[in-house]
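Encoded as structure tokens, the structure appears first; notes follow it.
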């Protein structure tokens, strides 16, 4: 009841997506509320990443609709889609930093191409603030190849935040990282929400990440959300045995 | 009418269908290049960076190759000409061969191997590591930033490299001629410039522009359309070289026919 009164920043209805005979999403409904961190859980290949790639127009749904910040994404022109993309930050699984650019250039690149009339001083200030926010103030002149996996993720998040998005999408933020770095990244996701007032969708199969970062969980199985709700509720009241076993495997009961 | 029927059965055969689909996709790629190249914003900084990478960084290899070509071609031609007592024609023969065909062809083939494969591998690896997707979600046009800049750079730089190769090859040829026939540098170059016409130089530049465009667009196309995974990067690099070389030979043949037709008109 309380949730329904909050502003919905993302509204998905009846989303379907197939790759040839592989039906990945089969009628997905999902809402993201303003200021909320929603975690989408599911096995590898269950369509979690496909879901957020459809949101930013990297893939196209076969059926269904997505409304982001009150705007229906279907039938948008490239110009309109790009305008919407500026409000939605996407943090990639492998960070996707531009190899040929320094950390600073990675951050400046999207900024200068989308925000006109900034002075060098303003750009430098913005870059410094963001590097400070992600805990890497000394890395501006480093190349991506000189960074560790965790540092790359942080820079990837900083690059996304430079355009002041209202919604953050994290694709497997802790994949391939050691447990200590995972905790750091989880804390960063929570910090980003507090500091930058974002709403987020976190795609993961890591339950520790889910528990730390998420207000609500949405478990994707067989192309549909089988359970949506707070962490405890989803895993203690799960009727589907697969959701219980997902919990058991993650925490080695 | 769609090339593929709705029930996914091949129209002719799978291989032939795939060939025509590939051809259509390549034409669409070239068409998009011409649509984007004249549209602002223009990525001048990136074009200059690419010109430096493609032009300046190719100089050592091009210099060595051009120089050797000049020496070898002169030494190979001398015995035949000396049989007729016509070794004094060597500068004229070499200049015509270098300016009309060997300079553009050798430069384009070397650039296809060095630059084309580099472009193909770089763009394919950016695709694999989602860097192209990262540009798209940041509302940046990756086609403009990656494809247009690189293709413009190769189109501009290959003619410059060709002229440089011509010069280095002629220097190599002069050293070879000078060692046996004791011809001075000025005499050598007077004979060189007497032998070549405006049409030779003009057609060589136009041909080089086409070769440059081919190397750039093929490398970008193969990289941009590579299959995902690291295997795709290697395949894209390889296919960039093979396809560019093949097209360069076809273009060389066509340009020869056109220039000969003009010359005989």
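A compact table of results
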{"quantity": "Exposure proxy ranking, count of Cβ atoms within 10 Å, fewest first, for A:15, A:163, A:51", "calculated": "A:163, A:15, A:51"}
{"quantity": "Chain lengthening between residue A:197 and residue A:101 when straightened (0.36 nm per residue, less Cα-Cα)", "calculated": "31.7 nm"}
{"quantity": "For chain B, calculated [θ]222 nm from helices alone, where every DSSP H run of n ≥ 4 adds -39500 (n - 2.57)", "calculated": "-26000 deg cm²/dmol"}
{"quantity": "Peptide B:127-134 - average C-beta neighbours from other chains (10 Å radius)", "calculated": "6"}
{"quantity": "Helix-derived mean residue ellipticity, 222 nm - over chain A, DSSP H n ≥ 4, -39500 (n - 2.57), to 500", "calculated": "-11500 deg cm²/dmol"}
{"quantity": "Stretchable slack from residue A:239 to residue A:116, in nm (0.36 nm times residue separation minus alpha-carbon distance)", "calculated": "39.0 nm"}
{"quantity": "Label-point separation, residue A:62 to residue B:84 (7 Å along Cα→Cβ), nm", "calculated": "7.2"}
{"quantity": "FRET efficiency, 1/(1 + (r/R0)^6) with R0 41 Å, evaluated for residue B:20 and residue A:5 via beta carbons", "calculated": "0.15"}
{"quantity": "Calculated FRET value between residue A:77 and residue B:264, using beta carbons and R₀ = 51 Å, to 0.05", "calculated": "0.45"}
{"quantity": "Value of relative contact order over chain A, rounded to a whole percent, pairs C-alpha under 8 Å and six or more apart", "calculated": "26"}
{"quantity": "Average beta carbon contacts from partner chains per residue of A:132-142, 10 Å cutoff", "calculated": "0"}
{"quantity": "Ranked by how many other beta carbons lie within 10 Å on average, peptides A:17-24, A:182-189 from highest", "calculated": "A:182-189, A:17-24"}
{"quantity": "Exposure proxy order (Cβ contacts within 10 Å, fewest to most) of B:166, A:62", "calculated": "A:62, B:166"}
{"quantity": "Whether region B:15-264 is rounded, prolate or oblate, judged on the alpha carbon gyration tensor where a/c under 1.5 counts as rounded", "calculated": "prolate"}
{"quantity": "Region A:125-169 shape via C-alpha gyration tensor axes, a/c threshold 1.5", "calculated": "oblate"}
{"quantity": "Mean separation of Cα contacts under 8 Å (6+ apart) over length of region A:172-253, as relative contact order %", "calculated": "21"}
{"quantity": "Separation of alpha-carbon centers, region A:1-54 and region B:66-120, rounded to whole Å", "calculated": "63"}
{"quantity": "Contact order relative to length of chain B, as percent, for alpha carbon pairs under 8 angstrom and 6 or more apart", "calculated": "29"}
{"quantity": "Proxy reagent accessibility, fewest Cβ within 10 Å first, across B:221, B:56, A:170", "calculated": "B:56, B:221, A:170"}
{"quantity": "Extended-chain gain in nm, criterion 0.36 nm per residue less alpha-carbon gap, residue B:92 and residue B:11", "calculated": "23.6 nm"}
{"quantity": "For peptides A:68-81, B:200-213, sequence by mean Cβ density within 10 Å, most packed first", "calculated": "B:200-213, A:68-81"}
{"quantity": "Volume of the Cα convex hull of the protein assembly as shown, divided per residue and given in Å³", "calculated": "207"}
{"quantity": "Partner chain coverage, peptide A:101-114 - average Cβ within 10 angstrom", "calculated": "2"}
{"quantity": "Within a Gaussian network of chain B (alpha carbon springs, distance under 10 Å), most fluctuating of B:216, B:103, B:232", "calculated": "B:232"}
{"quantity": "Whole-angstrom gap from region A:102-150 to region B:186-232, using each part's C-alpha centre", "calculated": "38"}
{"quantity": "R0 of 25 Å, Cβ-Cβ distance residue A:178-residue A:138: FRET efficiency to nearest 0.05", "calculated": "0.75"}
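Read-outs: derived from the displayed coordinates by stated rules, not from any lab. Model, not experiment: these values are computed from the prediction. When we count neighbours, we look across all protein chains shown, and the Cβ atoms used for this are built from the backbone with ideal geometry, even at glycine.
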